[in-house]
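The structure appears below as structure tokens.
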Amino acid sequence: MEKVPSREEAWMLFKKYNETESLTKHALAVEAVMRYMARKHGEDEEKWGVIGLVHDLDWEKYPEIHCQKTEEILRSENWPEEYIRAVMSHGWGLVTDVKPESLLEKVLFTIDELTGLVVTSALVRPSKSVLDMGVKSVKKKWKDKRFAAGVDRSIIEKGAEMLGVELSELINDTIMGMREVAEEIGLKGNPSAPS
């Protein structure tokens, strides 16, 4: 019998498979942006947040079977099909053939990469903070392919297209979501630092 997982259950499951600080911060950032986007679109914030939190559940221990192992773990925990499918869809075209179809899936697919670019953009600022960072700061870095080279911008562009949303709006939403957990993800910084 499927059960709707609570945030606490999702967090405990995440911690069971992940120890690194960087992955934990990434999970918290994606969770926060998913919650922000759910509120913006009048969707189920708890569901969106929980899916965002566990989307990379298997990455630390099983990177070579990313998403497949998460599917196995979530099935063994009796997670709802909808949650499992959403997690699988964020690896579309890379490690799965599950195409993002719902709004939730399209958002997760897009902002997973985008949070990485926002983090890196914030860390090179004098304030080291998302609290005083605007869209322009991220867009400036967008064109420099050497900057945050691990961030696949084509995925973000594909996601924005699927969502029918301008890149600037997506970046703004991602920053706003991440501001809500700035301290937990190490990006509170010192917004009053001279820039």
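The values are calculated or read from the model by the stated rules, or taken from the named source; none is laboratory data. Just so it is clear, the model here is predicted, and its values are computed rather than measured. FYI the Cβ positions are ideal-geometry reconstructions off the backbone, even for glycines, and counts take in every protein chain you see.
Here LYS69, LYS145, LYS141 are screened, and the one residue that is among the charged types (D, E, K, R), over 18 Å from GLU31 (Cβ atoms) and at pLDDT 95 or above is LYS69. Pairs linking a residue in segment 65-81 that is under 15 Å from LYS15 (Cα atoms) to a residue that is assigned to a loop (DSSP other than H, G, I, E, B), with Cβ atoms under 7 Å and 6 or more positions apart or on different chains, are THR70/LEU57; THR70/ASP58; ILE73/LEU57; ILE73/ASP58.
Within this structure, LYS188 fails the test of being surrounded by fewer than 19 Cβ atoms within 10 Å (Cβ to Cβ) and assigned to a helix (DSSP H, G or I).
Check whether at least one residue in segment 53-69 is in contact with a Phe, Trp or Tyr (Cβ under 7 Å, 6 or more places away or on another chain), closer than 17 Å to ASP173 by Cα and surrounded by 18 or more Cβ atoms within 10 Å (Cβ to Cβ), and report yes or no. Scanning segment 53-69, I find no residue that is in contact with a Phe, Trp or Tyr (Cβ under 7 Å, 6 or more places away or on another chain), closer than 17 Å to ASP173 by Cα and surrounded by 18 or more Cβ atoms within 10 Å (Cβ to Cβ), so the answer is no. Anything in segment 1-37 that is closer than 20 Å to GLU82 by Cα, among the aliphatic types (A, V, I, L, M) and touching a residue at least 60 places away in the same chain (Cβ under 8 Å)? List them, or say none. The answer is MET1, VAL4, LEU13, VAL30, ALA32, VAL33, MET34, MET37. Need pairs with beta-carbon distance below 7 Å; first residue surrounded by 14 or more Cβ atoms within 10 Å (Cβ to Cβ) and within segment 126-148, second assigned to a loop (DSSP other than H, G, I, E, B) and of a type in the set (D, E, K, R); sequence gap 6+ or separate chains. Here the result reads SER129/LYS188; LEU131/LYS188; MET133/ARG125; SER137/ARG125, each pair linking segment 126-148 to a residue that is assigned to a loop (DSSP other than H, G, I, E, B) and of a type in the set (D, E, K, R). The single condition among (1) in contact with a Lys or Arg (Cβ under 9 Å, 6 or more places away or on another chain); (2) outside any loop (DSSP other than H, G, I, E, B); (3) of a type outside the set (A, V, I, L, M); (4) exposed (fewer than 15 other Cβ atoms within 10 Å of the Cβ) that SER121 does not meet is (4).
When segment 77-110 is filtered for residues that are touching a Lys or Arg at 6+ places or on another chain (Cβ under 9 Å) and in a loop (DSSP other than H, G, I, E, B), the ones remaining, listed by number, are GLU77, ASN78, TRP79, PRO80, GLY93, VAL98, PRO100, GLU101, SER102. For the residues GLU113, GLU64, the requirement of being part of a helix (DSSP H, G or I), within 19 Å of HIS26 (Cβ to Cβ) and more than 16 Å from the chain's Cα centre (by Cα) singles out GLU64. Only a single criterion out of (1) closer than 24 Å to GLU21 by Cα; (2) assigned to a helix (DSSP H, G or I); (3) of a type in the set (Asp, Glu); (4) over 16 Å from the mean Cα position of the chain (by Cα) is not satisfied by GLU161, namely (1).
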